[in-house]
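The values are calculated or read from the model by the stated rules, or taken from the named source; none is laboratory data. Bear in mind that the values here come from a model prediction, so they are computed numbers and not experimental data. Neighbour counts are summed over all protein chains in view; Cβ atoms, including those assigned to glycine, are modelled from backbone coordinates with ideal geometry. Remember, those area values only see protein heavy atoms, side chains included, never the ligands or the DNA or RNA. Shrake-Rupley method; radii C 1.70, N 1.55, O 1.52, S 1.80 Å.
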Amino acid sequence: MAQAADVLLNRWPAVTGKSHVAARRACLAVLDGIKEASVARAAFVKAAADADILREDDYGRG
């Protein structure tokens, strides 16, 4: 989860939006022990899809 948070906070290769902000918050909440990792993963995938940078084969969907 730390790697996902690093990407979202420091290396996001696209314009940010609502789903990106939601994914950042979800990843940080996981690191703080507030949310389950599955919630953050879903938020990360949604943000990547919304930013048109999702490679579906990397997520077992393609």
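Mind listing just one residue for me: the one in the stretch 28-55 that is without any contact (Cβ under 8 Å) to a residue 12 or more places away in the chain, assigned to a loop (DSSP other than H, G, I, E, B) and surrounded by 14 or more Cβ atoms within 10 Å (Cβ to Cβ) and, of those, farthest from the chain's Cα centre (by Cα)?
Looking at residues that are without any contact (Cβ under 8 Å) to a residue 12 or more places away in the chain, assigned to a loop (DSSP other than H, G, I, E, B) and surrounded by 14 or more Cβ atoms within 10 Å (Cβ to Cβ), I get LYS35.
Tell me which of these SER19 doesn't satisfy, since it passes every other one: (1) part of a helix (DSSP H, G or I); (2) open to solvent by 30 Å² or more (accessible area, probe 1.4 Å).
For SER19, the failing item is (2).
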